[in-house]
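Rule-based calculations on the coordinates, nothing more; no lab input. Just so you know, these numbers come straight off a predicted model, no measurement behind them. Please note: Cβ atoms are built from the backbone with ideal geometry, for glycine as well, and neighbour counts cover all protein chains shown.
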Amino acid sequence: MSHWKQRSTTNLDVVYFDYQKSAQYSQADLAYVWDLDKTYLDTTIDSIRGLFYTVFEKAFTKKNVPGTPDLIRSLSRYRKKHFNEDDFPLFFVSASPPQMESKVYEKFVLDEIQPIGMFYKDNLRNLAPKKLLFLRKQIGYKVQSLLQLRTKLSKNVKMICFGDDSESDATIYNLFSDICARRHTETQLTTLLDDLSVNYAQIDEILRLQSEINIQDPVEKIYINLATDTDPEYYLKYGRRTLATYNSFQVALDLVQDQRLSLEELGFIADGLIEKYGFTGDLLVQTFEELIRRRILGLSSYEMIKNYFIEKKIIPQSWNSKIEPLREKTVDNGHVYELEGIFEPWIPRQIDYLKDYR
C-alpha cells in the first residue's frame, strides 16, 4: 500500500482520507460523525506508551467498544431501507496519528464498516520533549476537522455526533455548533479558542472555514460514551442535546425514541451484546431503566420498548419500571426534544467551556 501522505490531504495537523470519492452524500440531510478511540475502538493514545502500542497493534487484535459495529451497521440498514440511501454518510474524526490509518481501515473492513472519510491528527511530531503537552490538546484539531467536513455537506445537513469522556469531545462538538450558528463574535471566538490552547495558525484556519459555511447549526444530537466513569450529570451544562451514555445499547434506545432506528435493529444490537460481549437480559433492562430515571425516555417510547422486551422474553409480562416515565411534550418530525416537567434547555444560551468540574 502507498504511503499515507500519498493517499490523503493535509491542512496543518488535520489529515483527511477520502475512502469513497464517488459517494453521493453532499445532499444528504443527515450525517453521522464518530470519534475513534474509546468511542468506537477500546484504545489508549493519551500516553507515549499507549500511542506506540496503538500504532503497532494488529487490526484483528483491536477491540471495539461493545456493540459499536452492530450499531453502525443497524443505522446504515435503517437509512437505506427508509430513505433509499445507497451511501451511508459516516465519517470518523480521530486524534490517532495517520501512521495507523491502514490498520484502522483494515479493522473497518473486518467489522464491515464503510466510512466515507476519516480525519487523523499528525501527532507523532508532538513526541519532541517540548511538545508532549500537545498529545492531549485536541480541541483545535477536531474543531478544524469538523469545519472541513461541514464544507463538504449539504446546506441544511444535521449531524449526529459520537464521542467519549476521555478527551474534550462534548466541548468540541458544542463549540463546533456555536461556530456554525455564529453564537460568538469573531473577537469572542478568538479569545475563547486562545483560552482553550488552540494555536494561532489553527485559530486563523477555523475563522477562515467559518466564513465558508452558511449560518446554521448542524448538530442535532451528541452522544458521549462514559469510558472513564464521569458522572453523567456533569454533561447537563451542555444542555439535553448532549447525552452521556453508559453503553451502545443506551444510544440505540434513544435513537429508537427519535425514530432513527427500528425496534428490529434494537433487537439485533441487544442480541449482539449478549452473544459477543457477555451482556445479560437483566443488564439490558437496567440500562433501559437508567434512561427512564434520568428522564431521557418518554412514556410512548417506554411502552413501545417495554412491549418489545416482553415479546423478546427479556422481561416478564408483569414487569414495570420502578420510575414512572414522563409524557413527551415537544416532538418534531418524530424526534423528542422535551418531556413534561422542568428541565435544562436543549441548547444553553451560553456554555462555560473553561471551567471543568467533574
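Numerical summary
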read-out	value
Computed FRET value (nearest 0.05) for residue 77 with residue 294, which takes r as the C-beta separation and R₀ as 35 Å	0.80
Efficiency of FRET between residue 152 and residue 264 - r from beta-carbon atoms, R0 22 angstrom, step 0.05	0.10
Cα→Cβ-extended label distance, 7 Å offset, between residue 276 and residue 109, nm	1.8
Efficiency of FRET from Cβ geometry, residue 201 and residue 337, R₀ 41 Å, rounded to 0.05	0.60
Under-5 Å amide H pairs with residue 158, H placed in peptide plane, nonlocal only	30, 31
Whole-Hz ³J(HN,Hα) from phi, Karplus 6.51 cos²θ - 1.76 cosθ + 1.60, for the range 225-240, glycine and proline x	6, 7, 6, 10, 6, 5, 4, x, 5, 4, 7, 5, 5, 8, x, 6
Mean Cα-pair separation over length for the chain, i.e. relative contact order, pairs under 8 Å, 6 or more apart, %	17
Computed helical MRE - 222 nm, the chain, DSSP H runs ≥ 4 contributing -39500 (n - 2.57), nearest 500	-12000 deg cm²/dmol
Under Karplus coefficients 6.51, -1.76 and 1.60, residue-wise ³J(HN,Hα) of the range 29-37 in Hz, glycine/proline x	7, 9, 10, 10, 10, 10, 6, 9, 6
Residues whose placed amide H lies under 5 Å from that of residue 164, excluding near-sequence neighbours	169, 225
Peptides 239-245, 102-108 ordered by average Cβ neighbours within 10 Å, highest first	239-245, 102-108
Residue-span extension gain [residue 319 to residue 86] - 0.36 nm each, minus C-alpha spacing	79.9 nm
Table column - 3J(HN,Hα) (Hz), the range 347-353, Karplus curve with 6.51, -1.76, 1.60, x for Gly and Pro	10, x, 5, 8, 10, 7, 7
Contour excess over end-to-end distance, with Cα ends at residue 7 and residue 42 and 0.36 nm allotted per residue	10.0 nm
Difference of contour (0.36 nm per residue) and Cα-Cα distance, residue 61 to residue 186	40.5 nm
